[in-house]
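The structure under discussion is supplied below as structure tokens; questions concerning it will follow.
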Amino acid sequence: MSLIESPERPMPATDAEPRRALIEALKRPRYEILPLDGIADEVAEHVPRGVKLTVTASPRMGLDATLELAERLSAAGYAVAPHVSARLVRDTAHLQDLARRLRSAGVDDLFVIAGDPSEPAGEFERAAALLGVMGELRDRFSEIGISGYPESHHVISDEDTIEAMFEKEPMATYIVSQICFEADVIATWVRRVRDRGTFLPIWIGTPGAVDNRRLFQISRKIGLGESARFLRAHRGWVRRLALPRVYRSTALVKQLAPLIADPGARIAGFHIYTFNELERTEEWRRQLVEQLIAEDE
């Protein structure tokens, strides 16, 4: 029985087939980075060219910071998927300019989200609205990503996030999930997505090797549903998170190995939220791959 059929009874992560699927997924992850000063140099120093990079967008920094970093990384030989926040796009003309700029830089993958601004800068309040007006611009990009939420969104209702996924699906080629710390919650969400007839490949969102305190602060800020409740219920773990240590997703990704190996789940791989802690995240990923390969021999 597959994990997607029975998320409460996952296969052991040490089984050969799930382990090999996990190795392959970890060999080709996506790293999400923030467009902050110096990050391009850190990428060049620590991240191999085979790792795809996604660049976030924020109201504080605006889309230009995202586009400039995407252009620089693409010129350096990286595959890049910039976030395009619908609420930061003013109108169709602005969208056309963004598309031309990115294609000129060799970027052919967009991750389209609604974004964080409480008020849109122009006519697009939701990702679906922006995707709906792309028209022939859509054909210029080989990949279009949309978001998925294994747990409740901190602002949008579960019903709205589900409805939005169905609305956006015909215009997208893959889904990226928000961070979740519990394998059973992720597997249940994947099963429900598939049961509702959505079959786009899913990139599972997990943290990289991130400072505990920073990760805890981010988790509280974005209000991760079951994970937030897990943190509140396990105060000893919360105290450990408050210590100057590093969280690594080793246990989580191993628990997800059966899901990765399940063809029916259609898992594309891991979308790793690095929070720009690239050196530690890449070292963790490389060492874990080496460990899993050694166990498989």
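Residues in the range 240-297 that are modelled with pLDDT under 95, touching a strand residue (DSSP E or B) at 6+ places or on another chain (Cβ under 9 Å) and farther than 16 Å from Leu215 by Cα: how many?
So the answer is 0.
Cβ-Cβ under 7 Å, sequence separation 6+ or interchain: first residue in the range 62-78 and surrounded by 21 or more Cβ atoms within 10 Å (Cβ to Cβ), partner among the polar types (S, T, N, Q) and not in a helix (DSSP H, G or I). Which pairs?
Taking only residues 6 or more apart or on different chains, the pairs are Leu63/Ser85; Thr66/Thr56.
How many residues does the range 267-287 hold that are touching a Phe, Trp or Tyr at 6+ places or on another chain (Cβ under 6 Å) and either under 23 Å from Asp41 (Cα atoms) or of a type in the set (D, E, K, R) (or both)?
Total meeting the criteria: 3.
Check whether at least one residue in the range 45-59 is assigned to a helix (DSSP H, G or I) and either of a type in the set (A, V, I, L, M, F, W, C) or over 16 Å from the mean Cα position of the chain (by Cα) (or both), and report yes or no.
Within the range 45-59, the subset assigned to a helix (DSSP H, G or I) is 45-46.
Still in the running and either of a type in the set (A, V, I, L, M, F, W, C) or over 16 Å from the mean Cα position of the chain (by Cα) (or both): 45-46.
Yes, some residue in the range 45-59 is assigned to a helix (DSSP H, G or I) and either of a type in the set (A, V, I, L, M, F, W, C) or over 16 Å from the mean Cα position of the chain (by Cα) (or both).
Let me ask something else about it. May I ask you to verify whether Asp97 is closer than 30 Å to Arg196 by Cα and modelled with pLDDT of 95 or more? Full working, then the answer.
Working: closer than 30 Å to Arg196 by Cα: no; modelled with pLDDT of 95 or more: yes.
So Asp97 does not fit the description; no.
Within the range 50-59, is there a residue that is surrounded by 15 or more Cβ atoms within 10 Å (Cβ to Cβ), modelled with pLDDT under 95 and not polar (S, T, N, Q)?
Yes; the residues of the range 50-59 include at least one that is surrounded by 15 or more Cβ atoms within 10 Å (Cβ to Cβ), modelled with pLDDT under 95 and not polar (S, T, N, Q).
Related question: Quick check: is even one residue across the range 190-208 surrounded by 22 or more Cβ atoms within 10 Å (Cβ to Cβ), in a loop (DSSP other than H, G, I, E, B), modelled with pLDDT under 95 and not basic (Lys, Arg)?
There is at least one residue in the range 190-208 that is surrounded by 22 or more Cβ atoms within 10 Å (Cβ to Cβ), in a loop (DSSP other than H, G, I, E, B), modelled with pLDDT under 95 and not basic (Lys, Arg).
Right, here's the next one. Of the residues in the range 162-182, how many are within 16 Å of the chain's Cα centre (by Cα) and either in a helix (DSSP H, G or I) or modelled with pLDDT under 85 (or both)? Write out each step before concluding.
Of the range 162-182, the ones within 16 Å of the chain's Cα centre (by Cα) are 165, 172-182.
If we keep only those that are either in a helix (DSSP H, G or I) or modelled with pLDDT under 85 (or both) too, we end up with 165.
Of the residues in that region, 1 qualify.
Kindly establish whether Asp37 is without any contact (Cβ under 8 Å) to a residue 12 or more places away in the chain, farther than 17 Å from Val133 by Cβ and not in a helix (DSSP H, G or I). If you could, list the steps in order and put the result at the bottom.
Details: without any contact (Cβ under 8 Å) to a residue 12 or more places away in the chain: yes; farther than 17 Å from Val133 by Cβ: yes; not in a helix (DSSP H, G or I): yes.
Answer is yes for this residue.
So is Thr54 over 25 Å from Pro201 (Cβ atoms), in contact (Cβ under 8 Å) with a residue 40 or more places away in the chain and either among the β-branched types (Val, Ile, Thr) or touching a strand residue (DSSP E or B) at 6+ places or on another chain (Cβ under 6 Å) (or both) or not? Explain how you work it out, then say what you get.
On the way: over 25 Å from Pro201 (Cβ atoms): no; in contact (Cβ under 8 Å) with a residue 40 or more places away in the chain: yes; either among the β-branched types (Val, Ile, Thr) or touching a strand residue (DSSP E or B) at 6+ places or on another chain (Cβ under 6 Å) (or both): yes.
No; evaluated as a whole, the condition is false for this residue.
While we're on this one: Within the range 96-110, count every residue that is outside any loop (DSSP other than H, G, I, E, B), buried (at least 19 other Cβ atoms within 10 Å of the Cβ) and either basic (Lys, Arg) or in contact with a Phe, Trp or Tyr (Cβ under 9 Å, 6 or more places away or on another chain) (or both). Let's see the steps before the verdict.
Initially, the range 96-110 is screened for residues outside any loop (DSSP other than H, G, I, E, B), giving 96-104, 109-110.
After this cut, where a residue has to be buried (at least 19 other Cβ atoms within 10 Å of the Cβ) as well, the list is 98-99, 102, 109-110.
Checking which are either basic (Lys, Arg) or in contact with a Phe, Trp or Tyr (Cβ under 9 Å, 6 or more places away or on another chain) (or both) leaves us with 99, 102, 109-110.
The number of residues fulfilling the criteria is 4.
Looking only at the range 115-142, which residues are part of a loop (DSSP other than H, G, I, E, B), under 20 Å from Gly62 (Cβ atoms) and either touching a residue at least 40 places away in the same chain (Cβ under 8 Å) or of a type in the set (D, E, K, R) (or both)? Let's see the steps before the verdict.
Of all residues in the range 115-142, those part of a loop (DSSP other than H, G, I, E, B) come to 115-126, 133-134, 141-142.
If we keep only those that are under 20 Å from Gly62 (Cβ atoms) too, we end up with 115-126.
Gly115, Asp116, Pro117, Glu119, Glu123, Glu125, Arg126, listed by residue number.
The values are calculated or read from the model by the stated rules, or taken from the named source; none is laboratory data. Keep in mind it's a predicted model, so treat the numbers as computed, not measured. Methodologically, a virtual Cβ is constructed for each residue, glycine included, from the backbone with ideal geometry; neighbour enumeration extends over all protein chains shown.
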